[in-house]
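Enquirer: Shown below is the structure under consideration.
The values are calculated or read from the model by the stated rules, or taken from the named source; none is laboratory data. It should be emphasised that the depicted structure is a prediction, and the values quoted were computed from it without experimental measurement. Every residue, glycine among them, receives a Cβ derived from its backbone with ideal geometry; neighbour counts consider all protein chains shown. Keep in mind that these areas ignore ligands, DNA and RNA; they rest on the heavy atoms of the full protein, side chains included. Shrake-Rupley method; radii C 1.70, N 1.55, O 1.52, S 1.80 Å.
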Amino acid sequence: MTTRYQAHLAIIGHRYEDAMAHFSLDAIVLASGEKSYYFQDDHTHPFQAYSGAQQWLPFTLGAETYVVLKAGEKPTLVWPVRDDFWHAPNPVPSGDWQQNWNIVTARKTDKWFADLPKKTAWLGPNTLPFAVTCEGLKAYVDFAKAVKTDFEIDAMQQASLRGAAGHLAAKEAFLAGMSELDIHLAFLKASQQSAFQEPYPGIVGLNEHAAVLHYEHKSVQQLSDSRTLLIDAGANEHGYASDITRTFTRHADDFNALIQDLDTMEQTLCRQAMSGVNFRDLHQNTLAGIANLLHEHKICSLNVEEQLAKRIPHVFFPHGLGHLLGLQVHDVGGHQIDKQGTLSLPDEQAPFLRLTRTLEENMVITIEPGLYFIPMLLEKMQAEIPQHGCDMARIQHFLPYGGIRIEDNIVVKNQQPINLTREAFSSQP
């Protein structure tokens, strides 16, 4: 790990030295951020460090921590210390990582920035007055974050292992007839994290709730007929996320057959995630694949071409195929096509697509096709699309199941992509 961490520092250090040279800067400060408070309360929101600062350290950063970068020098870590009997001590983590750093401890009142060069830029929240304005710096460094180092991929692999363990525990809780809340608690226990440590709030939807894309609730009620579980939940390894979705059903019925066929399609899409592929094309392949499933399962009588022309697949698959993954679940730079910040925005064919770039080796992305029975979209289809060809009686049969989403995390390669999620599931005891 130490060797990979040192290589990681060398790579991202080169990226920032290039940025300093490009913008004629003497230094860059990366700020983790400060805690924020609930309105009229002394209780803080869950804290997540700015990804630009977190990327430098092999542990989870807290608030009021700073990384100072100067060309040709070791990075400096400014670590907060305070006299505080209300909270647990916060010592600098021990380990071999320290040999690559200058470490300075500072109280909030200390002027740790007094000796910084005149041309020092700031990235992160709560900019201090000494920093110079540097338009375009954030886009310049964000663009490269999409390509992960071996150290970063290792972290996401560990997050995938814990996430997969959580999903298997959630499946067992579902089959045991547990409530959405109890299923989520089973996931958290097996993935060894609290709800505040999750990289994003886990989605646990039973039956019709599986048709709500970002279902937020966790019902405490046990259902006598829980037929479907859709769980979208991941784990966190010092800031790096896994983002996994699985759909389970209790019976070997026609909805289960639909799940199995979507799973087969999803794995085919994962194998296509190679460098040089435009992600927009993968999304279009997905729409064609959804149309084919709708036809094969007698949900829509129109052929694939007719369905695409009438935008039928969009009714059942309304979101984008996936996104960049890393220190943020929806990682930065998904629409950015160069260091200068030029954007390639989604079009009307895929308005919610979070990734429009051409894939490069060692990008980490999600592949997450879905097929949902969403009453609002189905009503809109009936009102606005003449001769839609959909069998509404068969759709009515599927409505109580909600929907399906299957999501894997993929490392893009020149030849054979690496599926972190499938590897994590296959390695579980």
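Enquirer: Only one of these is crowded, with 16+ Cβ neighbours inside 10 Å and either outside any loop (DSSP other than H, G, I, E, B) or touching a helix residue (DSSP H, G or I) at 6+ places or on another chain (Cβ under 6 Å) (or both): LEU302, LEU321. Name it.
Expert: Values: LEU302 fails: either outside any loop (DSSP other than H, G, I, E, B) or touching a helix residue (DSSP H, G or I) at 6+ places or on another chain (Cβ under 6 Å) (or both).
Step by step, each of LEU302, LEU321 is checked, and only LEU321 is crowded, with 16+ Cβ neighbours inside 10 Å and either outside any loop (DSSP other than H, G, I, E, B) or touching a helix residue (DSSP H, G or I) at 6+ places or on another chain (Cβ under 6 Å) (or both).
Enquirer: Among the residues in segment 334-342, are any open to solvent by 20 Å² or more (accessible area, probe 1.4 Å), free of Cβ contacts under 8 Å to residues at least 60 places away in the same chain, outside any strand (DSSP E or B) and within 25 Å of VAL212 (Cα to Cα)?
Expert: Going residue by residue through segment 334-342, those that are open to solvent by 20 Å² or more (accessible area, probe 1.4 Å) are 335, 337-342.
Right, trim to free of Cβ contacts under 8 Å to residues at least 60 places away in the same chain and you get 335, 337, 342.
Restricting the remaining residues to those that are outside any strand (DSSP E or B) gives 335, 337, 342.
Adding the requirement that they be within 25 Å of VAL212 (Cα to Cα) leaves none.
No; the residues of segment 334-342 include none that is open to solvent by 20 Å² or more (accessible area, probe 1.4 Å), free of Cβ contacts under 8 Å to residues at least 60 places away in the same chain, outside any strand (DSSP E or B) and within 25 Å of VAL212 (Cα to Cα).
Enquirer: Using the structure shown, decide if SER194 is at pLDDT 95 or above, surrounded by 17 or more Cβ atoms within 10 Å (Cβ to Cβ) and either closer than 19 Å to ASN409 by Cβ or small (Gly, Ala, Ser) (or both).
Expert: The answer is no for SER194.
Enquirer: How many residues, within segment 137-167, are farther than 30 Å from ASP182 by Cα and either open to solvent by 30 Å² or more (accessible area, probe 1.4 Å) or assigned to a helix (DSSP H, G or I) (or both)? Show your work before the answer.
Expert: First, pick out the residues of segment 137-167 that are farther than 30 Å from ASP182 by Cα: 137-154.
With the extra rule that they be either open to solvent by 30 Å² or more (accessible area, probe 1.4 Å) or assigned to a helix (DSSP H, G or I) (or both), the set shrinks to 137-145, 147, 150-154.
Going through segment 137-167 one residue at a time, the tally reaches 15.
Enquirer: Please indicate, with yes or no, whether at least one residue in segment 81-95 is touching a strand residue (DSSP E or B) at 6+ places or on another chain (Cβ under 8 Å), in a helix (DSSP H, G or I) and hydrophobic (A, V, I, L, M, F, W, C). It would help to see each step written out before you state the result.
Expert: Taking segment 81-95 as the starting set, the residues that turn out to be touching a strand residue (DSSP E or B) at 6+ places or on another chain (Cβ under 8 Å) are 81, 90, 92.
Pick out the ones that are also in a helix (DSSP H, G or I) and you get none.
The answer is no, given that none of the residues of segment 81-95 is touching a strand residue (DSSP E or B) at 6+ places or on another chain (Cβ under 8 Å), in a helix (DSSP H, G or I) and hydrophobic (A, V, I, L, M, F, W, C).
Enquirer: I need the full set of residues from segment 260-287 which are open to solvent by less than 40 Å² (accessible area, probe 1.4 Å) and assigned to a helix (DSSP H, G or I), in order please.
Expert: Within segment 260-287, LEU262, ASP263, MET265, GLU266, LEU269, CYS270, PHE279, LEU282, HIS283, THR286, LEU287 qualify.
Enquirer: Go through ALA159, ALA121 for me and flag whichever is touching a helix residue (DSSP H, G or I) at 6+ places or on another chain (Cβ under 9 Å) and either within 15 Å of VAL68 (Cα to Cα) or without any contact (Cβ under 8 Å) to a residue 40 or more places away in the chain (or both). Full working, then the answer.
Expert: On the way: ALA159 fails: either within 15 Å of VAL68 (Cα to Cα) or without any contact (Cβ under 8 Å) to a residue 40 or more places away in the chain (or both).
The unique qualifying residue is ALA121.
Enquirer: If you don't mind, there's one more thing I want to ask. So which pairs qualify, if the first residue must be in segment 217-238 and open to solvent by 50 Å² or more (accessible area, probe 1.4 Å), the second must be part of a loop (DSSP other than H, G, I, E, B), the Cβ gap must be under 7 Å, and the two must be at least 6 apart or on different chains?
Expert: VAL220/SER179; GLN221/SER179; GLN222/GLY177; GLN222/MET178; GLN222/SER179
Enquirer: Please enumerate the residues belonging to segment 174-207 that are touching a Phe, Trp or Tyr at 6+ places or on another chain (Cβ under 8 Å) and not in a loop (DSSP other than H, G, I, E, B).
Expert: Within segment 174-207, PHE174, LEU175, ILE183, ILE203, VAL204, GLY205, LEU206, ASN207 qualify.
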